[in-house]
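Just below is one structure, and these are the notes that go with it.
The values are calculated or read from the model by the stated rules, or taken from the named source; none is laboratory data. Quick caveat, the model's predicted, so the values are computed rather than measured. Don't worry about glycine lacking a Cβ; one is built from the backbone with ideal geometry, like all the others, and counts go over all protein chains shown.
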Amino acid sequence: MIASLFGDGPRKPSGLEPAKDAIGAFCSALRKRHGGDRVEARWIRLDLWAGGLIAALTELEECARLAAGFAIGLSYRFEEDMPEEDRLNYYRHLFFYKDAIIRLFSVLDKTGYFLDTMFELGTGRVKAKFSYFTVLRQMRDRNVHPELERRLVQIKQRYREPMDRLRRRRNLEIHAMNVELLDDVWQKRNRFADRRFVEPLADNLRDLEQGLRMAGSSLLAIFRYCTKIIRA
C-alpha cells in the first residue's frame, strides 16, 4: 500500500479497525444469508460496495498517517525559513493531507450510496447526485430505521465543527479558483506577500483525526445495524 513505499515502521492504530471489522462481519453474514446459485443483484452490489469501503478506509488511514509523519519536526512560520529537506517534507505533508480530506468525503459519499441501496431509499429521485448527508435527511424524512438515523445524526453533530472545516478545505481543493476565497486569502496575506505562511499543521491534523473518528464511528454503527438486519 501507499505507506509501504516510504519504508515506514509499525503502523499506529487509526481507529478505523473496528469499522473495517464490522464491514467484514456484514459481508460474511450477507453471503451466508443470501448466497447461492441465484443471488439478487442488489445483494451482490452491496457486498461489492462493502468490500470497496474496506479498501477505501485503508487508503484513507494510510494517507492520514503519511500526512502526520511528514509534519513531524516542522515548526516554522514561513516556508522561506525551511531548509530544503524540511520544505520537501512540508510539501509531501500537504499532498497527503489534502488527499486524505478528499478520500474522507469520498468514503462518506460511498457510504451514502450503500445506505440508499440497503434501505431502498430512492434518494436519487430527490437529488440526482447526493451525499451521505443527503441520505441522512432522506432517512429522517421517510422515517426509515429511525434508531440508526438518530445515532448517525448524533455522531454527525459531535464532529460538526471539524467536519465543517474539512469540508471547506475539500471544496477549496476541488473547486480551487473561487475568486471570493482567493480575495479573502489575499487580504490576509497582502502585508507579507513576499513570504508564505506555513499552514497550522497541528490544527489541521487534529481536524483530520476527528474526521477519521467521525467516519469510523458512523460506519461502525451502520454495519453493526445492517448485520443485525441480515441475521434476523
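Couple of notes before you dig in:
- Test result for F96, at pLDDT 90 or above and of a type outside the set (A, V, I, L, M): yes
- Within this structure, E80 passes the test of being of a type outside the set (S, T, Y), surrounded by fewer than 21 Cβ atoms within 10 Å (Cβ to Cβ), touching a residue at least 40 places away in the same chain (Cβ under 8 Å) and more than 13 Å from E209 (Cα to Cα).
- Selected residue [modelled with pLDDT of 95 or more and assigned to a helix (DSSP H, G or I)] from L48, L60: L60
- Scanning the range 63-77 for residues that are surrounded by fewer than 17 Cβ atoms within 10 Å (Cβ to Cβ) and aliphatic (A, V, I, L, M), we see that the one that is modelled with the lowest pLDDT is L74.
- Residue within the range 96-118 that is of a type outside the set (D, E), outside any helix (DSSP H, G or I) and out of contact with any Pro (no Cβ under 6 Å at 6 or more places or on another chain) present: no
- Residue check, A29 modelled with pLDDT of 95 or more, assigned to a helix (DSSP H, G or I) and not charged (D, E, K, R): no
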